[in-house]
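Novice: Next up is a structure, given as structure tokens.
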Amino acid sequence: MKPALRLFFIFLLNLSALFGQTFEIIRIEPPNWWEGMNNDTLQLMIHGKDLSGVRISSEHEAIKILNIYYAESPNYLFVDIDLSSAEAGNFDLIFSRGAKEIKTSYTLLKREHSPENHKGFSQKDVLYLIMADRFCDGNPGNNKIDDSLDEFTSFDLDGRKGGDLEGIISKLDYLKELGITTIWITPTLENNMWMSYHGYAATNLYRIDPRFGSNELYKDLVNKAHSKDLKIVMDHVSNHIGINHWWMKDLPFKNWINGTPESHLPANHNKMTFPDPYSPVESVNLTWNGWFTDYMVDLNQADPFLKKYLIQNTIWWIEYLGIDGIREDTFPYCDQYAMSDWLKAIFNEYPKFNIVGEIWTGEAAFLAAYQQKNKFGVHLNTNLPCVTDFAMADALRDYLSGRKGLEAVFNTLAQDYLYYDPANLLTFFDNHDISRGLYIANGNIDRFKNALTILLTTRGIPKLLYGSEVGITGEESHGTIRSPFPGGFTGDKSSAFTEPGRNSFQKDIFNYTSKLLKIRKQYSSLSEGVLTHFYPFDKIYVYFRKTADESTMIIINDNINPVEIDLSLYRVQMGDNEISKDLLTDEKPSFTKDGKLRLNKNSSHIYLLN
């Protein structure tokens, strides 16, 4: 071979080697971490271009690289780092292959909050569910953004209305005045999807959707809520992501999702396959692996890298925002063994935290199976402290609609022996997925008030749906159930956020709701007291809530006429006490000459005993 030709081939080989060393770092997740976490091992996901064979090191002596894992895709790698000796500050991660080297700074922050400050929520609290897009538009300037796949519209029931985090911040004083203690906000992560207003199909798990605000604004919301002694519960989804999530263009591992967009199992809503002792694995997999919709990609939480990613992502948001609790969407559709590990990891960092799992079934036995430390040896300890009490919801809805009487509530509570902790159940009669209480009450305001009284005075952690307190009724479609709050949006004729802006109907509902909430807060027996109840005879339901130093007697009269009741059946529970006053009316009770208690028609009474 001629010398000139030989030199040319050598040049080509060197050029090939040079380009073979080319790689790129695009993002690192989590984007930062904190010193002093109980779990001192952090797993970073590195996303870039052509990362095969790339090595990672650090010159910082306190940063110890434990393991490097190469994904199926050449554009990802994972690295385990020991942070047990690390202190807050910036340190370089050095990525190298051949002669090429990239240095990237990574930040370890001081913790702003003690783990004890993440207070959780309990039966002392009342949650208020806000659908972020439908509550209040505090910044109309973010309603339309570039590259959005879902257009802002003021007329389409299923379109975006413009509610945002700034709007929630602007109404914190209203919520404080109402009397709730805890705000549950539907998902606000980036959700660049069709019909994206609901937020349940995230396309980036570390970024707040700019139409709702920003990461910094959510943090500001939490801080301002805490300054008013209000808690924040974040809605979280481990089960699925949106099909437009940036992973979907290039998955780290193919088994991070169950199936493919072209070929996957449909949703299977038989959530009872897991606790069912006779279910084969195939049936369980149908529930865990089915796609909720064709545009909601089902995640395989059992994959060790994805499970770690989801755990760290959740902890990152808790630590960054300072939130008090989580509502976990579609809980039974997830791999329950992986979710048990997810919960254990979170409570290892935040022992006072609380998480409620959405278990959409009206059977108490099945609900109890998903609560932690279940009494019946169901497969494993789920580690889930709180579940959504759809059994109580069904009973209250049956009462509201007139299908059943107050005995439905009694019979539901009578099954509380099934639960490990019946006080840690989230109680409600409507939410953002099912028709509102006022709608199913079909105009019977007295019955609605009775159901509301039961909700706020019986056991459990009550939850209200935004706007119910000002009479939002809706219909059966999601678009009307999730109606915009009157006064929260440009062009609204009046504002139900203010007393002058409410009509007589809205004032009636608001005043009753607020009065109940304030009574509940003032009298601890109504939230923490031991519950004793009597079977509802003649459409009258009587129950007691008692603490060591306070007793209350609640009577619900579902008769269409005034009645008189003999108190002799209840004397043992009353003890030496007599009825002092009705806390709802601030009036003393009325008795007949022979000592019977008079009750108004279709009425609720909360009597203080002393």
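Novice: With +1 on each Lys and Arg Cβ and -1 on each Asp and Glu Cβ, and nothing else charged, work out how big the dipole of region 510-610 is about its Cα centre, in Debye to the nearest 20.
Specialist: Details: 14 positive and 13 negative charges, 57 e Å.
Charge dipole of region 510-610: 280 debye, to the nearest 20.
Novice: Mind pulling the angle between the C-alpha long axis of helix 304-321 and the longest principal axis of the chain? Nearest 10 degrees, somewhere in 0 to 90.
Specialist: Here the helix axis deviates by roughly 60 degrees.
Novice: Stokes-Einstein diffusion coefficient for region 223-291 at 25 °C in a medium of 0.890 mPa s, Rh from the Kirkwood formula over Cα pairs: what value in µm²/s?
Specialist: On the way: Rh = 15.2 Å.
It comes out at roughly 162 µm²/s.
Novice: Would you calculate the separation in nanometres between label points at Lys581 and Leu172, each defined as 7 Å from the Cα along the Cα-to-beta-carbon direction?
Specialist: 3.3
Novice: If one takes the longest principal axis of the Cα atoms in the chain, at what angle in degrees, from 0 to 90 and to the nearest 10, does the Cα axis of helix 390-401 lie?
Specialist: 50
Novice: Counting Lys and Arg as +1 and Asp and Glu as -1, each charge on the Cβ, what is the dipole of the chain about the Cα centre in debye, to the nearest 20? Don't jump to the answer; show the numbers that get you there.
Specialist: Numbers: 61 positive and 78 negative charges, 103 e Å.
Dipole about the Cα centre, nearest 20: 500 debye.
Novice: What is the extension gain from Asp229 to Thr547, computed as 0.36 nm multiplied by their sequence separation minus the C-alpha to C-alpha distance, in nm to one decimal? Write out the running numbers ahead of the final one.
Specialist: Working: separation 318, 0.36 × 318 = 114.48 nm, distance 2.42 nm.
Taking 0.36 nm per residue and subtracting the Cα distance, the gain is 112.1 nm.
Novice: Quickly estimate the mean residue ellipticity at 222 nm for the chain, helices only: each DSSP H run with n ≥ 4 gives -39500 (n - 2.57), and the total goes over all residues, rounded to 500.
Specialist: Working: 17 runs with 163 residues, N = 610.
When only DSSP H runs of four or more count, the value is -7500 deg cm²/dmol.
Novice: For Thr181, enumerate residues with amide H under 5 Å from its amide H, sequence gap 5+ or separate chain, H modeled in the peptide plane.
Specialist: HN-HN under 5 Å from Thr181: Val126.
Novice: Which whole-number percentage describes the relative contact order of region 165-281, with Cα contacts under 8 Å and a sequence gap of 6 or more?
Specialist: Working: 117 pairs, mean separation 32.1, N = 117.
Relative contact order here is 27 percent.
Novice: Another question, then. Here are some pairs, Lys449/Lys521; Lys119/Lys224; Lys124/Lys224; Lys219/Lys493; Lys110/Lys176; which of them have Cα atoms lying more than 26 Å apart in this structure?
Specialist: Numbers: Lys449/Lys521 18 Å; Lys119/Lys224 16 Å; Lys124/Lys224 21 Å; Lys219/Lys493 32 Å; Lys110/Lys176 31 Å.
In this structure, Lys219/Lys493; Lys110/Lys176 exceed 26 Å between Cα atoms.
Novice: Run the numbers for Ser114 and Ser52: contour at 0.36 nm per residue of separation, minus the present Cα-Cα distance, in nm.
Specialist: That pair, Ser114 and Ser52, stretches by 18.3 nm at full extension.
Novice: So, one more: About the Cα centre, and with charges only on the beta carbon of Lys, Arg (+1) and Asp, Glu (-1), how big is the dipole of region 107-229? Nearest 20 debye, please. Don't skip to the answer; put the middle values down first.
Specialist: On the way: 15 positive and 20 negative charges, 101 e Å.
Magnitude of the dipole: close to 480 debye.
Novice: In what order do Asp329, Asp492 fall by count of nearby beta-carbon atoms within 10 Å, going from fewest to most? Display every interim value, and only then the final one.
Specialist: On the way: Asp329 20, Asp492 15.
Lowest count first: Asp492, Asp329.
Novice: Over region 528-609, what number does the Rg to Rh ratio reach, with both radii from the alpha-carbon atoms and Rh per Kirkwood? Don't skip to the answer; put the middle values down first.
Specialist: Working: Rg = 12.0 Å, Rh = 12.9 Å.
On the Cα set of region 528-609, Rg over Rh gives 0.93.
Novice: Moving on. Checking the a/c ratio against 1.5 first, then a/b against b/c, what shape does the Cα gyration tensor give for region 103-174?
Specialist: Numbers: a/c = 2.74, a/b = 1.28, b/c = 2.13.
It is oblate, given that a/c is not under 1.5 and a/b is not larger than b/c.
Novice: Given axes a ≥ b ≥ c from the Cα gyration tensor, I'd like to know whether region 17-109 is rounded (a/c under 1.5), prolate (a/b larger than b/c) or oblate. Mind dumping the intermediate values first?
Specialist: On the way: a/c = 2.21, a/b = 1.81, b/c = 1.22.
Prolate, since a/c reaches 1.5 and a/b exceeds b/c.
Novice: Once Lys and Arg get +1 and Asp and Glu get -1 on their Cβ, which of Val563, Tyr295, Phe305 lies farthest toward the positive end of the dipole of the chain?
Specialist: Toward the positive end, the furthest listed residue is Val563.
Novice: Per residue, what volume in Å³ does the convex hull of the Cα atoms of region 125-527 enclose?
Specialist: On the way: hull volume 55.6 nm³, N = 403.
Normalising the Cα hull of region 125-527 by residue number yields 138 Å³.
Novice: How would His533, His605 line up from fewest to most surrounding beta-carbon atoms within 10 angstrom? Could you put the intermediate results ahead of the total?
Specialist: Numbers: His533 18, His605 21.
Fewest-to-most ranking of His533, His605: His533, His605.
Novice: Still on this structure: Pairs of Cα atoms under 8 Å, at least six residues apart: use those to get the relative contact order of region 17-109, whole percent.
Specialist: On the way: 196 pairs, mean separation 28.6, N = 93.
Rounded, it is 31 percent for region 17-109.
Novice: Treating the angle as unsigned and between 0 and 90°, give the value, to the nearest 10°, between the Cα long axis of helix 3-20 and the longest Cα principal axis of the chain.
Specialist: Result, in degrees: 10.
Bear in mind these aren't lab numbers, they're just calculated from the coordinates by the rules spelled out. Note that the coordinates shown come from a computational prediction; the quantities given were computed from them, not determined experimentally. Counting neighbours? That spans all protein chains shown, and the Cβs are built from the backbone with ideal geometry, glycine included.
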